[in-house]
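J.: Just passing along the structure, written as structure tokens.
The values are calculated or read from the model by the stated rules, or taken from the named source; none is laboratory data. Since we're looking at a predicted model, the values are computed, not measured. When we count neighbours, we look across all protein chains shown, and the Cβ atoms used for this are built from the backbone with ideal geometry, even at glycine.
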Amino acid sequence: MIPNKSILSLLFLFLFQILLAQKPQKPSSVEIYNQIEKLNFLGSVLYIAAHPDDENTRLISYLSNDTKARTGYLSLTRGDGGQNLIGPQLRELLGVIRTQELIEARKIDGGEQFFSRANDFGFSKNPDETLQIWDKEKVLSDVVWAIRKFQPDVIINRFDHRSPGTTHGHHTSSAMLSTESFTKTNDPSVFPDQLKLVDPWQAKRQFFNTSWWFYGSKEKFDAANKSKLATIQTGVYYQNLGKSNQEIAALSRSSHQSQGFGSTGSRGEDTEYLELINGEPLKDNTNIFEGIDTSWNRVKGGKPIGDLLTTIVASYNFSNPSASVPNLVKVYQMIQTLDKNHWKTVKTEELKKIIAACSGLYLEAVAQEQEATPGSTISLKLEAVNRSAVPMQLVSVLTLPEQKSTAQNKDLKNNNVENINLSLQLPVNIDYTQPYWLKEKGTVGMYAVNDQKNIGIPDVIREVKVVFNVAINGVEIPFDRTVVYKYNDNVKGEMYNYLDIVPEVTTSIINKVALFNNANPKAVAVKVKAGKDNIKGDLRLELPKNWIVTPASIPFVLDKKGSEKTVYFDVSPPKEPSEVTAKSIATIDNKAYDTDQVVIDYNHITKQQVLAPAESKFIKMDLKIENLKIAYIMGAGDEVPSSLTQMGYTVILLNPEEISAKKLELFDVVITGIRAYNTVQVLANKQKILFDFVKDGKTMLVQYNTPDLIADVAIAPFPLKISRDRVTEENAKVKFLAPDHRILNYPNKITTTDFEDWTQEQGLYYPSEYDTAFTPILSSHDQGESSKDGAVLVAPYGKGYYIYTGLSFFRELPAGVSGAYRLISNMISLKNPKILPEQK
């Protein structure tokens, strides 16, 4: 039996809804008016690109706020392969951050957010590589699935499908897949299993959102013939909001904090250009919805709804939005009588939010604690208040997922708060709270999501909800609210988080990479954390038999939920080199728990819980280091300092403001973190001190920066120009340009095997031009390209050495890549007074 598609559509919308960030939205009278206007527009646009921050927020904001179209952004990836300017999280954890940043961006510009299962595996130079690693057929199916669900009238591609090799391979691939899907979405023979849940769909038109960037320069673009391009004047000023469209778009763009995309708003005229690539040509190049009925007439029986909404808009009272509620409730009743269809589902959900906003209906379900375990009972405090003269009654509340309905039958009098205390029993099999796309192990290029209904949902799927059934003017309307936890912060005031479902106990090996340079035992710290009160059990560290762990297990007792205990195991490695995965396992009442709770908590996004295997990489390797003291100047944020500490170095994080000749006397080596010269303005004033440090006989190691350096900074004591050259093939063959140089020989003998098993990329942003004082050490290149020789550049300066490297140590060291440890040890030891025999 084929499921009822309208019921499924409601479920999809329920899941696809972008969950409100912790604090509930409280729209102004003007914002409510704009939402009512949008009720009367039945047209939609889907914008498609590859990554978070690829989207054109000016166009999304304009289509949503001026045209009033339902506007979505399909980002094929969650941005997992990028860099992080706000913290050390990379890969999947960065993807979690950037997912939330996109969700916050859409709240500002009015769009909706969707994703595919594609994993951003890092920079790709051509779409052939991209589509092979992504699994083209699966990502294509996700694009088709998103279009069939969203049912856009117009599709807009950010990138040009006809220009492979001119931009990121992910970029071109997103356009190619979108273009290929244009007719396939309406073909029942294409991904037919989807049609158990959705219907075929054909968009009217598809455009490429071109701009000067695709022409090479603004001058070339200005000179180009644009008469055949559709044009949209996006530089509008919204008088009722007091903001220009560009200002709203800039606020949205600035949500991408982890990428450093803060944007300054602008004003005045602004034009977006669209090239038609599929569908019906336009007669009016200023109307992308030409020939599409965007009124309620497109829905059978919809005309009276449109007429009533027109009346509501015309009579809207900005001083008293609740005056519109009786007619809005009539619209709600009329929509419910329509045949099952896409717009019925969409507009019902929009309308419920507007009715609540107009009436000041505040509904909230608050848990007394932020975390709960499966099978436990949680206490809820419900609040319901009608802040209008409209007659209302709270009929009942339904708690989910237990499906328990509790009758209330309470009149909601104007501004009279109703507080209700309830208990909610969580199922023993309820899923833990975490990003659903990380629950199962995927591949380098794809996340594993086996439930078709979940594919593309932007956010964490939260099951614990309360549905308030409220009768308004005698019409019962269900309003669902996700259960939250809130508290008062003495500085920030009222703070919200969502309720998280957590394991009874989580465990974590403190160091995610443990290095063993010799056969001596090392103390390994393991943390155990309680998910509920009064737990006791045993903790053990699981390793292969040739690794000796003592004691075999350690008992623990934790009285309070959230309490933690750190214990230590002595681990002795084998004599021979070895790389293994260690697991920490807690056992309670004969049940094993091997999950690590990772919490991501930044002010600009919703707090996130990620549950990962409680594992660490243990490496017994031949690694020699010198007893040297390192000053590390953090840039955009990385985990290199902790890796250096693991190696045995004394590492001090040096505040850039505190850099002085006196301070540097304490150190042998200064290392700058990734993108330090892009992000730390004060370094521009500290370069002479740092260069004098080198001149006096010390070593300075500068990790990669992008070409966009802070103003007036000479990054090196000799001319050096950073380019966008990179080697994306992590196992690209490496040639030694200076095989006898100390950096390849002391204290570790470096061979080409040290460049095996690197992760994501070899390096990035290599200098393309540099002074003859520099000696290039390595050369490698991606297939079909010329040699890139700027991976490691070394120059003597005074009595010391300056080193610039684009090698991706910030990825390789936290991943436990042995060769990366050995090579960076040699860099650090470059100015050691010991002399190699061949150098005498």
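J.: Residue check, Ala612 against (1) of a type outside the set (Ser, Thr, Tyr); (2) surrounded by 20 or more Cβ atoms within 10 Å (Cβ to Cβ); (3) not in a helix (DSSP H, G or I), all met but one. Which one?
T.: Single failed check for Ala612: (2).
J.: Now, a different point. I'd like to know if region 302-311 contains one or more residues that are closer than 27 Å to Asp109 by Cα, of a type outside the set (D, E, K, R) and not in a helix (DSSP H, G or I).
T.: no
J.: Follow-up question, since we're still on this one. If Gly111 satisfies all but one of (1) in contact with a Leu (Cβ under 7 Å, 6 or more places away or on another chain); (2) surrounded by 24 or more Cβ atoms within 10 Å (Cβ to Cβ), what's the number of the condition it fails?
T.: (1)
J.: Inspect region 622-640 for any residue being within 17 Å of Lys527 (Cα to Cα), of a type in the set (Val, Ile, Thr) and modelled with pLDDT of 95 or more and give the result as yes or no.
T.: Kept after step one, since they are within 17 Å of Lys527 (Cα to Cα), are these residues of region 622-640: none.
Scanning region 622-640, I find no residue that is within 17 Å of Lys527 (Cα to Cα), of a type in the set (Val, Ile, Thr) and modelled with pLDDT of 95 or more, so the answer is no.
J.: Go over the candidates Ser584, Ser616 one by one and state the one that is under 26 Å from the mean Cα position of the chain (by Cα) and closer than 16 Å to Leu541 by Cα.
T.: Values: Ser584 fails: under 26 Å from the mean Cα position of the chain (by Cα).
From the options Ser584, Ser616, the qualifying one is Ser616.
J.: Among the candidates Glu247, Glu275, single out the residue that is in contact with a Phe, Trp or Tyr (Cβ under 6 Å, 6 or more places away or on another chain) and assigned by TED's automatic domain parsing to the domain that holds Met176. Explain how you work it out, then say what you get.
T.: Values: Glu247 fails: in contact with a Phe, Trp or Tyr (Cβ under 6 Å, 6 or more places away or on another chain).
Just a single option satisfies the conditions, and that option is Glu275.
J.: Can you give me the number of residues within region 158-177 that are in a helix (DSSP H, G or I) and either among the small types (Gly, Ala, Ser) or within 21 Å of the chain's Cα centre (by Cα) (or both)?
T.: Within region 158-177, the subset in a helix (DSSP H, G or I) is 169-177.
Right, trim to either among the small types (Gly, Ala, Ser) or within 21 Å of the chain's Cα centre (by Cα) (or both) and you get 169-175.
Of the residues in region 158-177, 7 are in a helix (DSSP H, G or I) and either among the small types (Gly, Ala, Ser) or within 21 Å of the chain's Cα centre (by Cα) (or both).
J.: Go through region 252-264 and give me each residue that's touching a Leu at 6+ places or on another chain (Cβ under 7 Å) and either under 20 Å from Asn157 (Cβ atoms) or assigned to a loop (DSSP other than H, G, I, E, B) (or both).
T.: Within region 252-264, just Gly260 meets the criteria.
J.: Can you pull out every residue in region 369-399 that is closer than 30 Å to Val428 by Cβ, part of a loop (DSSP other than H, G, I, E, B) and charged (D, E, K, R)?
T.: Passing the criteria: only Glu369.
J.: What strands (runs of 3 or more DSSP E), lying completely within region 445-547, carry at least 1 residues that are within 30 Å of Leu351 (Cβ to Cβ) and outside the structural domain of Ser616 (by TED's automatic domain parsing)?
T.: Working: elements: 465-472, 475-482, 484-489, 493-498, 505-509, 513-516, 522-530, 535-542.
Once the strands (runs of 3 or more DSSP E) in region 445-547 are filtered for at least 1 residues that are within 30 Å of Leu351 (Cβ to Cβ) and outside the structural domain of Ser616 (by TED's automatic domain parsing), what remains is 465-472, 475-482, 484-489, 493-498.
J.: Regarding Ile155, is this residue outside any helix (DSSP H, G or I), buried (at least 22 other Cβ atoms within 10 Å of the Cβ), touching a helix residue (DSSP H, G or I) at 6+ places or on another chain (Cβ under 8 Å) and β-branched (Val, Ile, Thr)? Reasoning before the result, please.
T.: Working: outside any helix (DSSP H, G or I): yes; buried (at least 22 other Cβ atoms within 10 Å of the Cβ): yes; touching a helix residue (DSSP H, G or I) at 6+ places or on another chain (Cβ under 8 Å): yes; β-branched (Val, Ile, Thr): yes.
Yes; evaluated as a whole, the condition is true for this residue.
J.: If you don't mind, another one. Could you grab me the full set of residues in region 388-438 that are buried (at least 19 other Cβ atoms within 10 Å of the Cβ), hydroxyl-bearing (Ser, Thr, Tyr) and within 31 Å of the chain's Cα centre (by Cα)?
T.: Thr399, Thr433
J.: Sticking with this one: Before we move on, is Thr166 touching a residue at least 40 places away in the same chain (Cβ under 8 Å) and of a type in the set (Val, Ile, Thr)? Working first, answer last.
T.: Working: touching a residue at least 40 places away in the same chain (Cβ under 8 Å): no; of a type in the set (Val, Ile, Thr): yes.
Judged against the criteria, Thr166 is not a match.
J.: What number of residues within region 400-414 satisfy the criterion of being of a type in the set (A, V, I, L, M) and either outside the structural domain of Val484 (by TED's automatic domain parsing) or not in a loop (DSSP other than H, G, I, E, B) (or both)? Break it down into steps so the answer makes sense when it comes.
T.: So the first thing to find is which residues in region 400-414 are of a type in the set (A, V, I, L, M), and the list is 400, 407, 412.
Cutting the leftovers down to either outside the structural domain of Val484 (by TED's automatic domain parsing) or not in a loop (DSSP other than H, G, I, E, B) (or both) gives us 400, 407.
Selection size over region 400-414: 2.
J.: Next question. Just checking, does region 514-531 include any residue being touching a Ser or Thr at 6+ places or on another chain (Cβ under 8 Å), more than 30 Å from Leu644 (Cβ to Cβ) and surrounded by 14 or more Cβ atoms within 10 Å (Cβ to Cβ)?
T.: Scanning region 514-531, I find at least one residue that is touching a Ser or Thr at 6+ places or on another chain (Cβ under 8 Å), more than 30 Å from Leu644 (Cβ to Cβ) and surrounded by 14 or more Cβ atoms within 10 Å (Cβ to Cβ), so the answer is yes.
J.: Just wondering, is there one or more residues in region 768-775 that are more than 30 Å from Gly445 (Cβ to Cβ), assigned to a strand (DSSP E or B) and under 37 Å from the mean Cα position of the chain (by Cα)?
T.: First, the residues of region 768-775 that are more than 30 Å from Gly445 (Cβ to Cβ): 769-775.
Still in the running and assigned to a strand (DSSP E or B): 769-770, 775.
With the extra rule that they be under 37 Å from the mean Cα position of the chain (by Cα), the set shrinks to 769-770.
Yes, some residue in region 768-775 is more than 30 Å from Gly445 (Cβ to Cβ), assigned to a strand (DSSP E or B) and under 37 Å from the mean Cα position of the chain (by Cα).
J.: Which residues, taken from region 667-707, are among the polar types (S, T, N, Q), part of a loop (DSSP other than H, G, I, E, B) and closer than 17 Å to Ile824 by Cα? Can you show your working first?
T.: Our first condition is that a residue be among the polar types (S, T, N, Q); within region 667-707, this holds for 672, 678-679, 681, 685, 687, 699, 703, 705-706.
Imposing the further condition that a residue be part of a loop (DSSP other than H, G, I, E, B) reduces the set to 703, 705-706.
Once the filter is applied, which keeps residues that are among the polar types (S, T, N, Q), part of a loop (DSSP other than H, G, I, E, B) and closer than 17 Å to Ile824 by Cα, region 667-707 yields only Gln703.
J.: Something else now. Glu504 - would you say it is modelled with pLDDT under 95, over 30 Å from Phe810 (Cβ atoms) and either under 26 Å from the mean Cα position of the chain (by Cα) or surrounded by 18 or more Cβ atoms within 10 Å (Cβ to Cβ) (or both)? Don't jump to the end; show me each part of the working.
T.: Details: modelled with pLDDT under 95: no; over 30 Å from Phe810 (Cβ atoms): yes; either under 26 Å from the mean Cα position of the chain (by Cα) or surrounded by 18 or more Cβ atoms within 10 Å (Cβ to Cβ) (or both): yes.
Criteria not met by Glu504.
J.: Follow-up question, since we're still on this one. Trp201 - would you say it is more than 14 Å from Glu275 (Cβ to Cβ), touching a Lys or Arg at 6+ places or on another chain (Cβ under 8 Å) and aromatic (Phe, Trp, Tyr)?
T.: Working: more than 14 Å from Glu275 (Cβ to Cβ): yes; touching a Lys or Arg at 6+ places or on another chain (Cβ under 8 Å): yes; aromatic (Phe, Trp, Tyr): yes.
For Trp201, the condition - more than 14 Å from Glu275 (Cβ to Cβ), touching a Lys or Arg at 6+ places or on another chain (Cβ under 8 Å) and aromatic (Phe, Trp, Tyr) - is met.
J.: When you scan region 203-241, how many residues do you find that are without any contact (Cβ under 8 Å) to a residue 12 or more places away in the chain, part of a loop (DSSP other than H, G, I, E, B) and in contact with a helix residue (DSSP H, G or I) (Cβ under 9 Å, 6 or more places away or on another chain)?
T.: So the answer is 1.
J.: Pairs under 6 Å by beta carbon, first residue modelled with pLDDT of 95 or more in region 97-116, partner surrounded by 24 or more Cβ atoms within 10 Å (Cβ to Cβ) and aromatic (Phe, Trp, Tyr), six or more apart or different chains?
T.: Every condition considered, the pairs that remain are Gly111/Tyr73; Gln113/Tyr73.
Residue-by-condition table, conditions (1) of a type outside the set (Val, Ile, Thr); (2) out of contact with any Phe, Trp or Tyr (no Cβ under 9 Å at 6 or more places or on another chain); (3) closer than 30 Å to Gln393 by Cα:
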{"position": "Asp480", "(1), (2), (3)": "yes, no, yes"}
{"position": "Tyr487", "(1), (2), (3)": "yes, no, yes"}
{"position": "Val502", "(1), (2), (3)": "no, no, no"}
{"position": "Lys512", "(1), (2), (3)": "yes, yes, no"}
{"position": "Phe516", "(1), (2), (3)": "yes, no, no"}
{"position": "Asn520", "(1), (2), (3)": "yes, yes, no"}
{"position": "Lys527", "(1), (2), (3)": "yes, yes, no"}
{"position": "Ile535", "(1), (2), (3)": "no, no, no"}
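J.: Continuing with this model, one more query. Please find, among Ile103, Ile133, the residue that is farther than 28 Å from Gln762 by Cα and either surrounded by 23 or more Cβ atoms within 10 Å (Cβ to Cβ) or aliphatic (A, V, I, L, M) (or both).
T.: After applying the criteria, what remains is Ile103.
J.: Next question. What number of residues within region 689-733 are β-branched (Val, Ile, Thr) and under 15 Å from Leu764 (Cβ atoms)?
T.: So the first thing to find is which residues in region 689-733 are β-branched (Val, Ile, Thr), and the list is 689, 694, 699, 702, 706, 710, 713, 715, 722, 727-728.
With the extra rule that they be under 15 Å from Leu764 (Cβ atoms), the set shrinks to 702, 706, 722, 727-728.
So the answer is 5.
J.: For region 774-810, give me each residue that is of a type in the set (Lys, Arg) and in contact with a helix residue (DSSP H, G or I) (Cβ under 8 Å, 6 or more places away or on another chain). Write out each step before concluding.
T.: Of all residues in region 774-810, those of a type in the set (Lys, Arg) come to 788, 799.
Residue satisfying the conditions is Lys799 alone.
J.: Considering only region 552-576, state which residues are in a loop (DSSP other than H, G, I, E, B), over 33 Å from the mean Cα position of the chain (by Cα) and surrounded by 13 or more Cβ atoms within 10 Å (Cβ to Cβ). Outline the logic, then answer.
T.: Initial filter on region 552-576 (in a loop (DSSP other than H, G, I, E, B)): 552-553, 559-563, 573-576.
Remaining after also requiring over 33 Å from the mean Cα position of the chain (by Cα): 552-553, 559, 573-576.
Residues satisfying the conditions are Ser553, Pro573, Pro574.
J.: Just a yes or no: is a residue in region 796-806 more than 23 Å from Leu644 (Cα to Cα) and touching a strand residue (DSSP E or B) at 6+ places or on another chain (Cβ under 9 Å)? Explain how you work it out, then say what you get.
T.: Going residue by residue through region 796-806, those that are more than 23 Å from Leu644 (Cα to Cα) are 796-799.
If we keep only those that are touching a strand residue (DSSP E or B) at 6+ places or on another chain (Cβ under 9 Å) as well, we get 796-797.
Yes, region 796-806 contains at least one residue that is more than 23 Å from Leu644 (Cα to Cα) and touching a strand residue (DSSP E or B) at 6+ places or on another chain (Cβ under 9 Å).
J.: Condition first: part of a loop (DSSP other than H, G, I, E, B) and aliphatic (A, V, I, L, M). Now tell me which residues in region 618-647 satisfy that. Give the derivation first.
T.: Residues of region 618-647 part of a loop (DSSP other than H, G, I, E, B): 621-628, 634-639.
Listed by number, the residues that qualify are Met621, Leu623, Ile625, Leu628, Met634, Ala636.
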